[in-house]
Amino acid sequence: MIRLGFIIGFMALVGVFLSGLSAYRVHNQELAIDGIALARAVDIHASLVQERLTERELLARVASGLFRAPSVMKANMLQPLRSSIYAFKTDFVLASWIARLQPGELPAARAELAAAGFRNPTTRNFDDRPMDPQVLDGPVDVLMDVEPRNSVTEGLTGRVLNDSPTLGPMLARAMAEARPVASDPVSLLGPSGRIGMVLAAPVLQDGNTTPAGFVSFSYELGPLMLENDDLSLFSVALKDPRKEDSELVADERGVVTARPLVANKPLSILRSVSFGSRDWSLGYYPKTDITTRAQRLALIVGAIGLALTAIICGLFGYVAYNNLRLSQEVQRRIGFERRLTAVIDELNHRVKNILAVIQSIVTRTLRHGSDLDVARDLLIGRIHAMSNVVSLLSESQWRGVNLKGLFEPRAIPRADRIAVTGPDITVSARAAQSLSLLFYELASHSDEGHSLVGKHPHIIAHWEISGEGHEATFNFRWEEFNTSEATRRPDSDFGVVLLDRVAPEALGGTAKRYFTDVSYVYELTAPMDTVIDMTERDRTGALAKPVK
């Protein structure tokens, strides 16, 4: 009994160690996979944003280069450009012409605005307050034309933008650098408007080095930089250039608001994009904690390993204890001990095989960031198929299973829709385990398919034996009618590996899958020697004989 306790304790320690090692490897693997997926998604989003910004900046450059008017003091300067602007990108909120005028040109500008029909042609400050032209000592930037024209935008013309805290510095920098410049985030079309930014491009007339004015385009910040798919792995925030401890985020309607930097939620990845001669920092917050997700998956794997360890230790202890009780019979002690050794070896062999199969099922079902609910259902179904074949083998003392028994309703889903034909064959334990998983995978996929006529597929499972003696061959054919490659859900990664490689190799045969005009066909061919495996059956029969 002491030796048995040590053996069970050692097996428990080994099981706990292997379970912990498996959980550790799964945890690291999931962290690496999720990290790579997140980084790739962030790079794609940042590149799309940069491409979008480059297109808008190119529009400003093209529009500024199309100006060829002899006079810039017109209220319809955008008229020749309207067709070109709308042929390029039309997601701007407002396009405008800002003329750079001398103080003496302001009366003529007011007359031009009045002639163009604007409701308030007077030149005034950026905040709509009256302006005294007498205090001006240099050129001013006057908004002379807007597109589109409506009741809101027409009220903006005539405003002098030099003293605007946001637009004034932008225009001064654009004039100094002679290239398009973007403003800080600002409320568009008034203090209550949506947050966006303005891109101004200087216009240089022929022969002049000083800009005659600016073409500007206003864009909402949400669609421009912060728009994101609801199903993506992250949320996007823009570092607010106006405040070091603030960032801008967009809600599901595209409305942008400012919020303090999240102190307890560090950024996963930072990316920079260029727009309007400025660099903008985009921060990406993962929507789900990949560390927590990896820990959950590792806990599941560890729990499964510990449960299997408990089952194995319990099974081993039960068998060993009963054999030890029988060993008390002196006359049968020597024979029993030999038998016990053989039983343990066979048990270890079969348990390792079952563990290897279950480990493969668990690993392939839970790999690549699978949804845990879907993976759980698949895992339960596949382990149930393994449990059923083990029950059938136990009932026959591991001497084999009748092949038709693998098509019972307790073995595979929707067994009532499968027409089974073929001779009675008792397959070996090894073959039964492979065929049970194969039949379950085929049946589960047929259950989820859609037929061409709106009905469940009609399935025929047929096998036959060709040849005689050692040349006999087992030929199996699975055919699902009323389905096609366009309607049937593709096999999972695990299913493809099982159907094309694992099951055929386990039986020493070959397999192929293909679609006909009206059906999906899976064919498996294997030698009968591996399907029935008389060597394994004889070995099991010898172990089952009573001790003499």
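The values are calculated or read from the model by the stated rules, or taken from the named source; none is laboratory data. Owing to the predicted nature of the structure, the values given are computational and were not obtained by experimental measurement. Cβ: placed from backbone, ideal geometry, glycine included. Neighbour counts: every protein chain shown. Heavy atoms of the whole protein, side chains included, go into the accessibility calculation; ligands, DNA and RNA do not. Shrake-Rupley method; radii C 1.70, N 1.55, O 1.52, S 1.80 Å.
Remarks
- For segment 185-194, filtered to residues that are free of Cβ contacts under 8 Å to residues at least 60 places away in the same chain and in contact with a strand residue (DSSP E or B) (Cβ under 7 Å, 6 or more places away or on another chain), the residue that is surrounded by the fewest Cβ atoms within 10 Å (Cβ to Cβ) is Ser187.
- Test: residue in segment 8-22 that is within 20 Å of the chain's Cα centre (by Cα) and at pLDDT 80 or above: no
- Some residue of segment 490-499 being touching a strand residue (DSSP E or B) at 6+ places or on another chain (Cβ under 7 Å) and acidic (Asp, Glu): no
- Members of segment 313-352 found to be under 52 Å from the mean Cα position of the chain (by Cα), modelled with pLDDT under 70 and open to solvent by less than 80 Å² (accessible area, probe 1.4 Å), listed by number: Leu340, Ala342, Val343, Glu346, Leu347, Arg350
- Condition met for Ala95 (touching a Cys at 6+ places or on another chain (Cβ under 6 Å) and either modelled with pLDDT of 75 or more or open to solvent by less than 50 Å² (accessible area, probe 1.4 Å) (or both)): no
- Criterion violated by Val374 - all others in (1) modelled with pLDDT under 80; (2) open to solvent by less than 40 Å² (accessible area, probe 1.4 Å) satisfied: (2)
- The set of residues in segment 154-184 that are part of a loop (DSSP other than H, G, I, E, B), touching a residue at least 12 places away in the same chain (Cβ under 8 Å) and over 24 Å from Glu227 (Cβ atoms) comprises Thr157, Gly158, Leu161, Asn162, Asp163, Ser164, Ala178, Arg179.
- The set of residues from segment 109-122 being open to solvent by 70 Å² or more (accessible area, probe 1.4 Å) and touching a helix residue (DSSP H, G or I) at 6+ places or on another chain (Cβ under 8 Å) comprises just one member, Arg119.
- Of all residues in segment 101-147, those being free of Cβ contacts under 8 Å to residues at least 12 places away in the same chain and part of a helix (DSSP H, G or I) number 6.
- In summary, Val420 fulfils each of the numbered conditions (1) outside any helix (DSSP H, G or I); (2) within 20 Å of Asp533 (Cα to Cα); (3) among the aliphatic types (A, V, I, L, M) with the single exception of condition (2).
- Residue pairs meeting the criteria (Cβ under 6 Å; at least 6 apart or on separate chains; first β-branched (Val, Ile, Thr), in segment 223-247; second part of a helix (DSSP H, G or I)): Val236/Leu226
- For segment 416-474, the candidate set comprises residues that are at pLDDT below 80 and over 24 Å from Arg501 (Cβ atoms); within that set, the residue that is nearest to the chain's Cα centre (by Cα) is His450.
- Taking the listed residues Val427, Val389, Val401, the one that is among the β-branched types (Val, Ile, Thr), open to solvent by less than 60 Å² (accessible area, probe 1.4 Å), free of Cβ contacts under 8 Å to residues at least 40 places away in the same chain and under 21 Å from Ser360 (Cβ atoms) is Val401, with no other qualifying.
- Ala503 surrounded by 15 or more Cβ atoms within 10 Å (Cβ to Cβ) and either of a type in the set (Lys, Arg) or touching a residue at least 24 places away in the same chain (Cβ under 8 Å) (or both): yes
- Within segment 404-417, being open to solvent by less than 20 Å² (accessible area, probe 1.4 Å), more than 23 Å from Thr473 (Cα to Cα) and part of a helix (DSSP H, G or I) holds for one residue alone: Ala415.
- Criterion violated by Ser84 - all others in (1) small (Gly, Ala, Ser); (2) surrounded by 15 or more Cβ atoms within 10 Å (Cβ to Cβ); (3) at pLDDT below 85 satisfied: (2)
- Among the residues making up segment 123-160, those that are open to solvent by less than 50 Å² (accessible area, probe 1.4 Å) and aliphatic (A, V, I, L, M) are Met131, Leu136, Val140, Val142, Leu143, Met144, Val146, Leu156, Val160.
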